Amino acid sequence: KMSSAPPPPYFWLPKNLQPNDANPEWMNKGDNAWQLTAATLVGLQSVPGLIILYGGAVKKKWAVNSAFMALYAFASVLVCWVCWGYQLSFGNELIPIWGKINVALEQKYLLSPAFTGNFPNATMVFFQFVFAAITLILIAGAVLGRMNFYAWMLFVPLWLTFSYTFGAYTIWSLNGWLSSAGIIDYSGGYVIHLSSGVAGFTAAYWVNFSREIS
């Protein structure tokens, strides 16, 4: 006796495109592929893009130091991001401007739907990481040749934790204070460019000030 139940909506797809454990029904392959592509392009703006730009913009004796400032920021932000930064920026609410601290490394979490529902959390973690990294690298451009590398090593995780995550959660997280008020940040104008610009000017001022008094 033949079943009268209608076939699943994806029955006509080729076998390699039908949902399975690696390709769940809720995931949109096109959205996921473009999100990963866009994230990779942003990452390339940092490494090698800004590394080459900074290395060629300063005096020869500072070129290697400037390149390593950008490279360190990219690598350091990745570790901080998956260990606590992503959840502070997009996790469960702790206060209206900050999420609860947690890791974004567990398989169950990374393979579950992101808050948009079209791709997994792993994709969103990667996508948001490159924006966090390029924000710190943009700040580096304001202090090239003027900031001690060891001081920069300390500055990167501290600024990411206590400045960037506040802006990201407040404006980009669906539960954020300004997001709930209707604020829309198109293309990172506030979270990335305004915050990095203000931080860059402030850092340059204090670096120069400390040099003058020393």
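So the values come out like this:
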read-out	value
Scan of segment 87-131 for residues that are among the polar types (S, T, N, Q) and touching a helix residue (DSSP H, G or I) at 6+ places or on another chain (Cβ under 8 Å), ordered by number	89, 102, 112, 116, 118, 121, 123, 128
Segment 61-92, subset over 11 Å from the mean Cα position of the chain (by Cα), open to solvent by 50 Å² or more (accessible area, probe 1.4 Å) and among the aliphatic types (A, V, I, L, M), residue modelled with the lowest pLDDT	64
Breaking point among (1) hydrophobic (A, V, I, L, M, F, W, C); (2) open to solvent by less than 70 Å² (accessible area, probe 1.4 Å); (3) under 21 Å from residue 87 (Cα atoms), for residue 111	(2)
Pick from segment 155-187, criterion of a type in the set (S, T, N, Q) and assigned to a helix (DSSP H, G or I), ranking: farthest from residue 139 (Cα to Cα)	180
Where a residue in segment 156-172 is closer than 14 Å to residue 77 by Cα and its partner, wherever it lies, is outside any helix (DSSP H, G or I), with Cβ under 7 Å and at least six apart	165/98
Residue that is nearest to the chain's Cα centre (by Cα), among those in segment 175-214 that are of a type in the set (Val, Ile, Thr) and farther than 19 Å from residue 95 by Cβ	192
Residue among 150, 190 that alone is out of contact with any Leu (no Cβ under 9 Å at 6 or more places or on another chain), open to solvent by 60 Å² or more (accessible area, probe 1.4 Å) and assigned to a helix (DSSP H, G or I)	150
Lone unmet requirement of (1) under 30 Å from residue 27 (Cβ atoms); (2) within 14 Å of the chain's Cα centre (by Cα); (3) open to solvent by 40 Å² or more (accessible area, probe 1.4 Å); (4) touching a residue at least 24 places away in the same chain (Cβ under 8 Å) for residue 138	(1)
Scan of segment 167-187 for residues that are closer than 20 Å to residue 114 by Cα and buried (at least 18 other Cβ atoms within 10 Å of the Cβ), ordered by number	167, 168, 169, 170, 171, 172, 173, 176, 185
Any hit, segment 36-54, residues being under 11 Å from residue 145 (Cβ atoms), open to solvent by less than 80 Å² (accessible area, probe 1.4 Å) and in a helix (DSSP H, G or I)	yes
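The values are calculated or read from the model by the stated rules, or taken from the named source; none is laboratory data. Since we're looking at a predicted model, the values are computed, not measured. Virtual Cβ from ideal backbone geometry, glycine too; neighbours counted across all protein chains shown. The protein model used for the area step is the full one, side chains on, heavy atoms only, and it has no ligands, DNA or RNA in it. Shrake-Rupley method; radii C 1.70, N 1.55, O 1.52, S 1.80 Å.
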